[in-house]
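Beneath this line is the structure, given in structure tokens, with notes to follow.
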Amino acid sequence: MTLHRRLGVAATAALALITSGCAGAATAPGDAGSSANTVTFRSWSPIEQTTRQMIEAFQEQHPDVEIDATVFNYPEYLVDLQTRGSSDTMPDIVGLQPGALTQQYRDKLMPLQDCASRTWGPDWQDRFHPIGLAQARLGNPEGDENFYALPLLVQTVNLWANTEILGAAGVTPPKTWDELKAAVEKLGGQDYAPFLLPAKDSWVRNVVFLQIANNVAPGLVYEAEDGTASWTDPRIVEAFDYWGRLFSEGIAQEGALALDAYPTAANQFEAGNAAMIPLGAWWIQQSDPTKSDLPPLSEGMSGYEPFLFPTIPGGAPTPQFVGGIDVALGISKSAGNPELACQVVTDWIAGAGAQKLINTFNDLPAVKGLDPETFTSDKQRRIWTMFTEEWMPQVTYSRYLKSPQIDTALGDALAGVATGQLTPAEAAQSVQDAQDAEGK
């Protein structure tokens, strides 16, 4: 049977990378209904070309199956998903982020632990990086231990350096706040940004803040979200202050709040127009060996080096690892063939489709021991191994909050601090106010 794919580019949306590190081409939404041997898939990730390879790998083993897939840019995907959720036309397989996005659609999703157990056996959880499984249930109501999504890709959030720029200036990736300030000062006055901060996107604001906050007081922000601590705790206020210093002390470039991460900042960084940028492990996908005509900096990761967010004075003595799920997959309760949807999901996580996915370096696999079949340089292999074997096992703190309301309130508060409209104390109070309102 001919594979049915609606994986194309809409007239109004170009192929771009987005939030969690990847996005795809947007197409006009179609009927999400499915027949017995057809599975529908909607997501923003993996990117269109990679999704096509995953589909083809699955169909090689299941030639009678059709997979109707649409990969959107992230903002358009959220609109499409909301529309489908409200009209009860959910796709069979749904791309999700943990916490807020999964919880928004929890009542429309099937628990997936039985699917996982049937596929991988009773010890199936041992296959996964622990942070991915922990985040898969992020925000579940108390006592609800179901997995409404299973992690497909995981990541760390961190910083990246252009090693050519830093090397020419005699600068090494900064390990402390003072070193960061000194590096920016030394790198200033050139035709590139020393520290390119795409602060237009609330997800960037939030993940940078969470790296700061978890160094100032490891884990405290999550205690605040759980109600066992307060967002107005002086240590969280201090974290807001250090976020504000990125702007007041001239570390971030002028106009940071008008710069989006994808495609603008990513394109600028890949073109060599920035020395440092806060993104995450997904940047290794720029060196995808299945692509042709890679920019020189991206070939085998030749021009890049990841590093952790610098430590804050008085905080933890070493950087703290923040990250977790990039994208997870859920199955809707309305799926026409849940068993077939389970086969597709588990293949894409840890089967032939997963191997095609990881061969593109799209991000880090949620399961342990899955590596690309081809590395194009020793540096690319070293960075991959560092991410998968050294960094991911140490990820303790989530890049996500549980509540959509608190997630939004935090992003808004950080924007207020960046513009000087809110003091750090006022920003912290605004998040606490949002949490108090949510609890009423």
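Values in this text are rule-based calculations from the coordinates and carry no lab data. None of these values were measured; they are calculated from a predicted model. So basically every Cβ, Gly included, is an ideal-geometry build from the backbone, and we count neighbours across all protein chains shown.
Which length gain, in nm to one decimal place, applies between Thr176 and Leu78 when the Cα-Cα distance is subtracted from 0.36 nm times their residue separation?
Contour length minus Cα-Cα distance gives 31.6 nm.
Using Stokes-Einstein with the Kirkwood hydrodynamic radius over Cα pairs, what translational diffusion coefficient do you get for the chain at 4 °C and a viscosity of 1.567 mPa s, in µm²/s rounded to a whole number? Provide the component values of the computation, followed by the final result.
Numbers: Rh = 22.1 Å.
Calculated translational D: 59 µm²/s.
Compute the distance in nm between two label points, each set 7 Å from the Cα along the Cα-to-Cβ direction, one at Thr374 and one at Glu254.
Here the modelled spin labels are 4.5 nm apart.
What distance in nm separates the two pseudo spin-label positions at Arg137 and Asp88, each 7 Å out from Cα along the beta-carbon direction?
Once both label points are built, they end up 3.0 nm from each other.
Which whole-number percent gives the relative contact order of the chain, counting Cα pairs below 8 Å spaced six or more residues apart?
Values: 897 pairs, mean separation 108.3, N = 440.
Once divided by the residue count of the chain, the mean separation gives 25 percent.
Please report the relative contact order for the stretch 155-323, taking Cα pairs under 8 Å with a sequence separation of at least 6, and give it as a percent rounded to a whole number. Could you put the intermediate results ahead of the total?
Numbers: 264 pairs, mean separation 73.0, N = 169.
Reported as a whole number, the value is 43 percent.
Where does each of 305-317, 351-363, 391-403, 118-130 land if you order them by average Cβ count within 10 Å, highest first?
351-363, 391-403, 305-317, 118-130
I want the antiparallel fraction of DSSP beta bridges within the stretch 155-323, as a percent rounded to 5.
Bridges in the stretch 155-323 are about 85 percent antiparallel.
When DSSP beta bridges are limited to those with both residues in the chain, what percentage is antiparallel, rounded to the nearest 5?
Of those bridges, close to 65 percent are antiparallel.
May I ask for the angle, rounded to the nearest 10°, between helix 177-187 and the longest principal axis of the chain, with both axes built from Cα atoms and the value confined to 0 to 90°?
That helix lies at roughly 80 degrees to the long axis.
If you project the alpha carbons of the stretch 155-323 onto their three principal axes, what span does each projection cover, largest first, in Å?
Sorted largest first, the three principal extents are 52, 35, 30 Å.
Counting helices only, and only those DSSP H runs with n ≥ 4, report the 222 nm mean residue ellipticity of the chain as the sum of -39,500 (n - 2.57) divided by its residues, in deg cm²/dmol to the nearest 500.
After summing the helix terms and dividing by the residues of the chain, the value is -11500 deg cm²/dmol.
In whole angstrom, note down how far apart the Cα centers of the stretch 68-95 and the stretch 179-201 are.
37 Å
With a 10 Å radius around each residue's Cβ, average the other Cβ atoms per peptide and rank 230-237, 142-149, highest first.
230-237, 142-149
May I ask you to order 193-204, 423-434, 293-304 by the average number of other C-beta atoms within 10 Å around their residues, highest value first?
Sorting 193-204, 423-434, 293-304 by mean packing, highest first, produces 193-204, 423-434, 293-304.
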